[in-house]
């Protein structure tokens, strides 16, 4: 290396040789192309259209649900509760690791089969590893008088829908 | 005079066809043996010369070799299972049931694949315990331990992605739980989960992604790192036998 430098006085003066600048240009281009490929790869791997069920579930007419009842809709993964104050819906997906919970009418609790979390009918955790209560979901009446539940919209607890 | 099996064998080794496939000249001796190993694409990853002890049947039953054996069984049975399995939501579970009850030898191949997979995970752990407690991870072999950890992760990912493919309740909820574990990664968790599943729920996209990972990407990754792992054994001075001190070996 030192021998080469003696032959190249321009390098000794601190100037960048033409070869070095091309190497830097090439590496820079590769870095830009690499970043571009990473962005393209991320975009490609993220689906733009999802053929997943709509988050809005129609659970039918309110009179399907008797007073003081909790009804599991396992297909939609929600509970419809008809309490004295009115209707509300809970997500049936356990807040621990996403298993589908089940209503145990004989115990009056919602229980998760995976890791033993238990919730009361307000969604409050009473036992187990779940870090959060079962979320309350947005419920409203459609123009046709059907109860609709938006599974993607979590609302603060204790908001009831009266019919 | 009747020819012995060995003389037939030696005649075969001197034929032009044999010599065109196996480059080494016939004969015996150290150089010949070394060339025979070095000039074979499959054997060249191994050392040309090794201690008799490293080939002897030991109480630990060649744990690394057994792991490779289970991997090769998994590749063989897995390719055959692919001939009857469609990675789609309506068909996956039915195909798995067909393999068990309709396809000739399907039950045997599926069970062989399943039990070999369990055995491979067990053997990888046993192999790592042995390497750890025998001190075989020490210099000059420290980088091969790193390759081994990568292979452990590849093995676990292969096991995890294969778990979804039967598309039964166990598979569905196991992957639901597993993907929710990943979403606990700080900041990027939800993104990683979305990319891994190709959506927000364990669904058709997730099944297809796990299938491609299980059948193409992860096996190729495993083969690449297994090749590096075996090549490093040779470059790091052969199998660890506990003979000689490691400082001496690091110069060899």
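Observations, loosely collected:
Here is a yes/no grid of residues against (1) farther than 16 Å from residue B:166 by Cα; (2) surrounded by 14 or more Cβ atoms within 10 Å (Cβ to Cβ); (3) in contact with a strand residue (DSSP E or B) (Cβ under 8 Å, 6 or more places away or on another chain); (4) without any contact (Cβ under 8 Å) to a residue 40 or more places away in the chain:
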| site | (1), (2), (3), (4) |
| --- | --- |
| B:81 | no, yes, no, yes |
| B:104 | yes, no, no, yes |
| B:117 | no, yes, no, no |
| B:126 | yes, yes, no, no |
| B:131 | yes, yes, no, no |
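- Scanning region B:158-178 turns up no residue that is within 22 Å of residue A:51 (Cβ to Cβ), part of a loop (DSSP other than H, G, I, E, B) and facing chain A (nearest Cβ under 9 Å).
- Elements of type helices (runs of 4 or more DSSP H) contained in region B:188-242, each with 2 or more residues being more than 14 Å from chain A (Cβ to nearest Cβ), under 24 Å from residue B:117 (Cβ atoms) and out of contact with any helix residue (DSSP H, G or I) (no Cβ under 8 Å at 6 or more places or on another chain): B:218-235
- Output for region A:16-67, where each listed residue is in a loop (DSSP other than H, G, I, E, B) and closer than 29 Å to residue B:201 by Cβ: A:46, A:47, A:48, A:49, A:50, A:51, A:52, A:53, A:54, A:55, A:61, A:65
- On inspection, residue B:159 qualifies as surrounded by 13 or more Cβ atoms within 10 Å (Cβ to Cβ) and at pLDDT 95 or above.
- Residue in region A:22-42 that is within 14 Å of chain B (Cβ to nearest Cβ) and touching a strand residue (DSSP E or B) at 6+ places or on another chain (Cβ under 7 Å) present: no
- Verdict on residue B:64 being crowded, with 20+ Cβ neighbours inside 10 Å and farther than 29 Å from residue B:197 by Cβ: yes
- Count of region A:93-113 residues which are part of a loop (DSSP other than H, G, I, E, B) and away from chain B (no Cβ under 13 Å): 4
- Which listed residue is in contact (Cβ under 8 Å) with a residue 40 or more places away in the chain and within 13 Å of chain B (Cβ to nearest Cβ), from A:77, A:86: A:77
The values are calculated or read from the model by the stated rules, or taken from the named source; none is laboratory data. Nothing here was measured: the structure is a model prediction, and the numbers come from that model. Because the Cβ atoms are built from the backbone with ideal geometry, glycine has one as well, and the counts that use them run over all protein chains shown.
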